[in-house]
Amino acid sequence: MKNCIIIGGGVIGLCSAYYLHKEGHEVTIVDQSNLDFGASYVNAGYLSPSHIIPLSAPGVMKKGLKWMFDSSSPLYIKPRLDLDFLKWTWAFNKSCNANHVKKAIPVIKDIALLSQELYDDIKESEHFNFHLEKKGLFMLCQTDKMLEEEIEVAEMAREEGLDAKEVSLDELKKLEPNIALNVKGATYFKCDSHTTPGEFMEDMKAYLKANGVKILKNERVEDLEVEKGEIKSIKTNKQVLKADEFVLTAGSWSSLLSKKIGLNLLLQAGKGYRINTQKSTGITIPAILAEAKVAVTPMNGFTRFAGTMEIAGINHDINKVRVEAIAKAATRYYPEIELSQEEKDRAASGLRPVSPDGLPYIGKSKKCKNLSIATGHAMMGWGMATATGKLVAEVISDKKTSLSLTPFNPDRAF
Ligand SMILES: Cc1cc2nc3c(=O)[nH]c(=O)nc-3n(C[C@H](O)[C@H](O)[C@H](O)COP(=O)(O)OP(=O)(O)OC[C@H]3O[C@@H](n4cnc5c(N)ncnc54)[C@H](O)[C@@H]3O)c2cc1C
């Protein structure tokens with residue numbers, strides 16, 4: 001049994017705690033927030049093995065440059081004279097190639113599938129009631145060009161053994177009969193499931209507390225005391241804490257702390273927003289509005305519209321123009337939906353921790369014997385969280401890991 005401290009209680013931190021506790025370790029989570037906001041609460045809730053293409057794909061950088069001057073674009077990279085940002089941009093650009101995508105696809109698929117299975121296991125255990133459904137995911141397209149691209153992605157997914165296909169407008173109407181759709185066509189990934197994130201987070205926190213995991217809220221880790229490649233203690237704004245093993249799951253903030261062990265983790269915060277509506281929408285199957293890059297999820301008691309990727313530093317400021325763009329996209333694809341000003345005013349944001357190559361960092365760095373790192377999952381952190389937590393617990397328990405950690409090596413070169 002080891003004494004473990006987890007720095008950061010987002011979904012990755014909570015899932016790491018869950019599997020570490022299952023392995024018999026003593027666990028404490030420290031989080032600077034009240035554990036009720038941010039990426040792990042505002043996300044679209046997709047468990048989507050269909051998302052096999054990493055963000056760093058051919059053409060993305062070009063699109064990013066074009067969209068830099070459009071205040072309502074779904075991807076925005078704010079140019080900054082900051083060395084970490086410049087290094088990240090260089091590495092991201094380098095990863096935007098077909099060869100990298102080909103290598104990343106099976107890696108992403110395997111961790112997403114394992115994670116989906118583990119979510120099902122957790123849901124089946126008696127202590128969890130959170131909303132989880134397997135209804136698949138539509139990619140809704142309004143242009144021929146996008147439809148062609150999405151059909152290609154569906155074919156690639158099928159080659160990887162995933163249940164994915166093009167659907168005709170008639171089929172679409174039958175599958176989603178209670179809402180009008182303004183689209184040219186769609187693909188359907190039957191393999192995907194979805195959840196209501198807030199419910200999972202509340203269930204998980206309650207389970208961990210009931211099982212003796214300590215959760216220290218509103219406590220910020222400020223320093224790591226490192227001696228001979230090992231963390232001796234951590235300093236928070238309230239106290240000094242010691243443990244045998246430490247886990248860094250601080251999301252977009254992780255690189256601020258990794259520097260303390262001499263590791264420059266290339267990571268940028270990718271801000272996204274969500275708008276919820278409690279009104280009945282008639283939407284029963286999640287959908288991505290492909291051109292607008294907006295995710296739509298029928299959650300438990302409400303529908304969520306989520307989108308935008310703003311690489312513009314660490315802040316939760318709400319950019320009203322981008323929130324408006326999400327709301328307008330909803331109406332363009334579902335003409336009967338009009339999000340109210342009040343709903344838009346209640347929009348919330350979260351920061352995705354984005355690595356330059358679209359793959360998370362999971363495992364130990366050579367620079368520190370007792371620090372496991374688990375971050376950088378970008379747009380897929382929710383869907384990969386359970387598998388990530390399991391991998392972290394396997395590393396710390398000196399067990400053979402369920403998946404190879406080589407592609408996730410925090411020391412990898414770009
Ligand atoms: C709009 C939007 C939609 C998304 N949709 C999906 C989706 O459908 N499917 C999917 O798979 N993913 C989705 N994602 C991505 C997913 O939400 C994230 O990848 C995931 O939540 C990241 O979890 P995390 O635990 O790494 O980080 P976070 O949730 O950010 O948690 C990190 C925690 O660390 C704490 N922390 C930071 N620094 C310190 C410190 N020094 N001391 C103590 N605590 C600290 C923070 O307070 C925070 O609570 C979406 C994200 C957004 C924004």
Next item on the list: Might you let me know whether region 41-56 holds any residue that is farther than 21 Å from Leu265 by Cα, without any contact (Cβ under 8 Å) to a residue 24 or more places away in the chain and among the aromatic types (Phe, Trp, Tyr)?
Entry: no
Note to self: Of the conditions (1) part of a loop (DSSP other than H, G, I, E, B); (2) within 14 Å of the ligand (Cβ to nearest atom), Lys366 satisfies every one except a single condition; which number is it?
What the structure shows: (2)
Check: Given (1) within 14 Å of the ligand (Cβ to nearest atom); (2) closer than 26 Å to Lys103 by Cα; (3) in a helix (DSSP H, G or I), where does Leu65 come up short, assuming only one miss?
Finding: (1)
Notebook entry, point to check: For Glu126, which of the numbered conditions (1) farther than 25 Å from Gly313 by Cα; (2) crowded, with 16+ Cβ neighbours inside 10 Å fails to hold?
Noted result: (2)
Note to self: So in region 37-52, with the set limited to residues that are within 9 Å of the ligand (Cβ to nearest atom) and in a loop (DSSP other than H, G, I, E, B), which one is surrounded by the fewest Cβ atoms within 10 Å (Cβ to Cβ)?
What the structure shows: Phe37
Item checked: Options Leu181, Leu169, Leu162; residue that is more than 22 Å from the chain's Cα centre (by Cα) and either touching a residue at least 24 places away in the same chain (Cβ under 8 Å) or closer than 14 Å to Pro286 by Cα (or both) -> Leu181
Next item on the list: Scan region 250-265 and report the pairs whose first residue is without any contact (Cβ under 8 Å) to a residue 40 or more places away in the chain and whose second residue is away from the ligand (no atom under 12 Å from the Cβ), with Cβ atoms within less than 7 Å and a gap of 6+ or a chain change.
Entry: Lys260/Val226
Margin query: Against the condition surrounded by fewer than 23 Cβ atoms within 10 Å (Cβ to Cβ) and hydrophobic (A, V, I, L, M, F, W, C), how does Val107 come out, does it pass?
Written below: yes
Notebook entry, point to check: Only one of (1) out of contact with any Pro (no Cβ under 6 Å at 6 or more places or on another chain); (2) away from the ligand (no atom under 13 Å from the Cβ) fails for Gly13. Which number is that?
Noted result: (2)
Notebook entry, point to check: In region 217-250, what count of residues is obtained for those that are closer than 26 Å to Phe37 by Cβ, surrounded by 14 or more Cβ atoms within 10 Å (Cβ to Cβ) and not acidic (Asp, Glu)?
Noted result: 13
Check: Is there a residue being of a type in the set (Asp, Glu), out of contact with any Ser or Thr (no Cβ under 6 Å at 6 or more places or on another chain), in a helix (DSSP H, G or I) and more than 11 Å from the ligand (Cβ to nearest atom) anywhere in region 231-254?
Finding: no
Notebook entry, point to check: Could you list, in sequence order, the residues of region 168-206 that are more than 20 Å from Gly383 (Cβ to Cβ) and not in a loop (DSSP other than H, G, I, E, B)?
Noted result: Leu169, Asp170, Glu171, Leu172, Lys173, Lys174, Leu175, Gly185, Ala186, Ala206
Note to self: Quick check on my filter: what residues within region 369-398 are in a loop (DSSP other than H, G, I, E, B), more than 9 Å from the ligand (Cβ to nearest atom) and not charged (D, E, K, R)?
What the structure shows: Asn370, Ser397
Next item on the list: Within region 68-101, track down each residue that is part of a helix (DSSP H, G or I) and within 21 Å of the chain's Cα centre (by Cα).
Entry: Phe85, Trp88, Thr89, Ala91, Phe92, Asn93, Ser95, His100, Val101
Checklist line | Qualifying positions in region 255-276 - among the charged types (D, E, K, R) and part of a strand (DSSP E or B) | finding: Lys271, Arg274
Margin query: Being farther than 20 Å from Ser355 by Cβ, hydrophobic (A, V, I, L, M, F, W, C) and crowded, with 17+ Cβ neighbours inside 10 Å narrows it down to one residue among Leu75, Leu118; which is it?
Written below: Leu118
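Here, each number is a calculation from the coordinates, and none is a lab measurement. What you see is a predicted model, and the numbers here were worked out from it, not measured in a lab. Using ideal geometry, Cβ is built from the backbone for each residue, glycine included, and neighbour counts are taken over all protein chains shown.
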